[in-house]
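The values are calculated or read from the model by the stated rules, or taken from the named source; none is laboratory data. Note that this is a predicted model, so its numbers are computed, not measured. Cβ atoms come from the backbone with ideal geometry, glycine included; neighbour counts cover every protein chain shown.
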Amino acid sequence: MYWIKIRLAIAALLVGAMGFQGCAVAPLMHRGGILVDTWAEVKADDKTVAEILAAFHQAEQALGTQNLDALMNLYATEYRYHGLTKEDLRKIWAQLFADYQGLRSNHIFSRIVVRSERTPSAEITCTGSLWAMSRQTGDRVNVDSWYGEVHHLLYEDGAWRIRGHAGEAPKGIQFGVAPHPFF
């Protein structure tokens with residue numbers, strides 16, 4: 001019985017220490033950034049990976065300057081996801097820019113697989129978040145977050161662009177969570 005109490009106490013200390021460490025690291029996530037995980041599965045040449053990362057970096061820069069036209073360059077002409085089109089996303093982003101300032105996103109890529117077909121395509125598994133400051137309250141707000149989202153990209157007009165995301169459209173909004181259309 002004594003050893004069980006000691007083990008529980010040690011476990012509680014470790015969990016508490018990890019929790020505090022997570023709190024200390026959390027502010028770093030609000031700076032925005034794109035990262036390929038060191039353990040990521042990458043099936044593409046370095047040049048292609050660099051081009052894909054450049055597309056996301058350009059989108060991040062567009063977020064920071066709230067340049068809607070530059071941000072929309074990340075999306076393919078025929079973007080489709082859960083019934084949303086590129087024009088639908090333009091309206092959503094315009095409203096986000098009206099409601100928030102200082103938007104930043106974080107992307108951690110855990111898988112990049114490129115297929116060299118007539119039109120090159122890629123699947124990127126990504127975990128991340130979209131943060132901003134509310135213009136109304138001045139508070140920092142988590143606008144969106146995602147885990148293991150699969151972005152489908154294609155090479156269109158000389159650049160990599162998102163054409164949609166994996167997954168079926170939900171039959172209804174579950175637990176108040178909407179589908180993730182952004183990145």
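Say whether the condition of being of a type in the set (S, T, Y) and at pLDDT 95 or above is met by at least one residue in region 101-118.
Of all residues in region 101-118, those of a type in the set (S, T, Y) come to 105, 110, 116.
Narrowing the set further to residues that are at pLDDT 95 or above leaves 110.
Yes: region 101-118 contains one or more residues that are of a type in the set (S, T, Y) and at pLDDT 95 or above.
When you look at E87, is it surrounded by fewer than 13 Cβ atoms within 10 Å (Cβ to Cβ) and part of a strand (DSSP E or B), yes or no?
Taking the combined requirement at face value, the residue does not satisfy it.
Taking the residues in region 102-131 that are over 18 Å from the mean Cα position of the chain (by Cα) and touching a residue at least 24 places away in the same chain (Cβ under 8 Å) as candidates, determine which candidate is surrounded by the most Cβ atoms within 10 Å (Cβ to Cβ).
V114
Any idea which residue in region 132-178 is farthest from the chain's Cα centre (by Cα), counting only those that are of a type in the set (V, I, T) and either modelled with pLDDT of 95 or more or more than 25 Å from D99 (Cβ to Cβ) (or both)?
So, considering only residues that are of a type in the set (V, I, T) and either modelled with pLDDT of 95 or more or more than 25 Å from D99 (Cβ to Cβ) (or both), the one farthest from the chain's Cα centre (by Cα) is T137.
For residues that are of a type in the set (K, R) and loosely packed, with under 14 Cβ neighbours inside 10 Å, tally how many sit in region 44-84.
Looking only at that region, the number is 1.
Just name the residue that is nearest to M133 (Cα to Cα) out of those in region 68-112 that are out of contact with any Asp or Glu (no Cβ under 9 Å at 6 or more places or on another chain) and among the small types (G, A, S).
Applying the filter and picking the extreme gives G102.
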